[in-house]
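Chemist: Following this message is one structure expressed as structure tokens.
The values are calculated or read from the model by the stated rules, or taken from the named source; none is laboratory data. Here the structure is a predicted model, which means the values were calculated and not measured. Neighbour counts run over all protein chains shown; Cβ positions are idealised from the backbone, glycine included. What goes into the accessible areas is simple: the full protein's heavy atoms, side chains included, and nothing from ligands, DNA or RNA. Shrake-Rupley method; radii C 1.70, N 1.55, O 1.52, S 1.80 Å.
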Amino acid sequence: MIETERLIFRRYSSDDLDLLLEMTSNPDIMKFIRHGNPWTQEETIESLNRYIGWNNEGIGLHLAFNKQDGKLVGHSGLIPQTIEDINELEVGYWVVKDEWGKGYGFEQAKAWKEYGLMNLEHTRLISLIQNGNIGSMRVAEKNGMKHERDIELLGKRVAVYSITRLW
């Protein structure tokens, strides 16, 4: 399993509904996710089941915990996306509000970018970031990604950031 200097990641399980609800019920965290509002319990359960399914395929979102105190920091991973009829793999990351401003978004994004390019040998990764989410845009840029274009996704204007392995 992947880990960083400060974080350890683990796959989602059916026992993680409360941890996911902790994030999906927070309006500040969800402001730039999907429809921009906290998710219902039903939406969260559907998403948890999707995350578990992705993990069974060897990709998907993983919970991120602080190694020192075991606290939930967020979740992140490599998410299958279809953008304009092209299958892509997205570096995705969330950080719980109490941990904002501590570099955990970048730490997660960097770990998954390296894993996707080096371990899984993908030649291209993207990050999808809703317009207005300046913090996540900075994380993507710091992670070596470049703004490629804007698209419409689920009724929102979304920036596509990408990185391509050149070797």
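Chemist: Would it be correct to say that MET23 is part of a loop (DSSP other than H, G, I, E, B) and in contact with a strand residue (DSSP E or B) (Cβ under 7 Å, 6 or more places away or on another chain)?
Modeler: No: the conditions fail for MET23.
Chemist: Also: Which of the following residues is more than 30 Å from SER14 (Cβ to Cβ) and open to solvent by 10 Å² or more (accessible area, probe 1.4 Å): ASN66, ASN143, ASN131?
Modeler: The match here is ASN131.
Chemist: What is the residue count in the stretch 157-167 for residues that are assigned to a strand (DSSP E or B) and open to solvent by 40 Å² or more (accessible area, probe 1.4 Å)?
Modeler: So the answer is 2.
Chemist: Within the stretch 141-156, work out how many residues are assigned to a strand (DSSP E or B), of a type in the set (Lys, Arg) and without any contact (Cβ under 8 Å) to a residue 40 or more places away in the chain.
Modeler: Adding up the residues that qualify gives 2.
Chemist: A further question on this structure: Return yes or no: is VAL91 assigned to a strand (DSSP E or B), closer than 23 Å to PHE65 by Cβ and within 12 Å of the chain's Cα centre (by Cα)?
Modeler: Yes, satisfied.
Chemist: Same structure, new question: Examine the stretch 57-69 for a residue that is in contact with a Gly (Cβ under 8 Å, 6 or more places away or on another chain) and farther than 14 Å from ILE2 by Cβ, and state whether such a residue exists.
Modeler: No.
Chemist: With the structure loaded, tell me whether LEU154 is surrounded by fewer than 19 Cβ atoms within 10 Å (Cβ to Cβ), within 21 Å of SER25 (Cα to Cα) and at pLDDT below 95 or whether it fails that test.
Modeler: Yes.
Chemist: Over 11 Å from the mean Cα position of the chain (by Cα), in a helix (DSSP H, G or I) and among the hydrophobic types (A, V, I, L, M, F, W, C) - does that describe any residue in the stretch 112-120?
Modeler: yes
Chemist: Find the residue count for the stretch 73-96, including only residues that are loosely packed, with under 14 Cβ neighbours inside 10 Å and not hydrophobic (A, V, I, L, M, F, W, C).
Modeler: 5
Chemist: Cβ-Cβ distance below 6 Å, separation of 6 or more or different chains: which pairs start in the stretch 116-140 with a residue that is touching a residue at least 60 places away in the same chain (Cβ under 8 Å) and end on one that is open to solvent by 60 Å² or more (accessible area, probe 1.4 Å) and not β-branched (Val, Ile, Thr)?
Modeler: GLN130/LYS156
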